[in-house]
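Heads up, the thing below is written out as structure tokens.
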Amino acid sequence: ILKGRKVAPHVRALIFPATQKIWKQAMAEGLFDIFVDAGCAVSTPTCGPCLGGHMGILAEGERAVSTTNRNFVGRMGHPKSEVYLASPSVAAASAVAGYIADPKKLMEA
């Protein structure tokens, strides 16, 4: 979905591999090159914005499409931010489109 495409100019796309094993696999497969070329920032394996810890926590009024497994008020930052849970495919398509997008439609374009 991201290969050969760019993240929308007003979008911050952050990628946090869940484990060191996944990070190493993504590196070996060349996925980081695709992510970075698309305009994403790739972190080391950690919990970050998904629990409101650091690196990308949301301010009041900000919106996020997240691949985390649960959602509740204030989880990713300010209580007046908006978080939408999605699959990795929907998150990637949404980063490119700049709004919540169907990856099938993006791939057809």
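Brief remarks follow.
- Ranked packing of 98-107, 38-47, most packed first, by mean Cβ within 10 Å: 38-47, 98-107
- Lysines whose Cα lies under 25 Å from that of residue 6, excluding same-chain neighbours fewer than 8 positions away: 24, 104, 105
- Here is the list for the stretch 7-84: chymotrypsin sites (Phe, Trp or Tyr not before Pro) lying in DSSP coil, each with at most 16 other C-beta atoms within 10 angstrom of its C-beta, are 72.
- Residue 81 sits among other residues whose Cβ lies under 14 Å from its own Cβ, and their net charge, with Lys and Arg +1 and Asp and Glu -1, is +1.
- Note on residue 21: lysines with a C-alpha under 24 Å away, same-chain residues under 8 apart excluded, are 3.
- Note on the stretch 14-108: with charges restricted to the Cβ of Lys and Arg (+1) and Asp and Glu (-1), its dipole about the Cα centre is near 320 debye.
- Longest DSSP-loop-exposure-free segment, GluC sites (Glu not before Pro), the chain, at most 15 other Cβ within 10 Å: 61-109
- For the stretch 1-94, applying the loop criterion from DSSP together with a ceiling of 10 other beta carbons within 10 Å to the trypsin sites (Lys or Arg not before Pro) yields 70.
- The chain has equivalent-ellipsoid semi-axes of 22, 18, 12 Å, by the square roots of 5 times the alpha carbon gyration tensor eigenvalues, sorted largest first.
A short reminder: the numbers here are calculations on the coordinates, not readings from a lab. No experiment lies behind these values; they were computed from the predicted model shown. All Cβ positions, glycine included, derive from the backbone under ideal geometry; neighbour counts span all protein chains shown.
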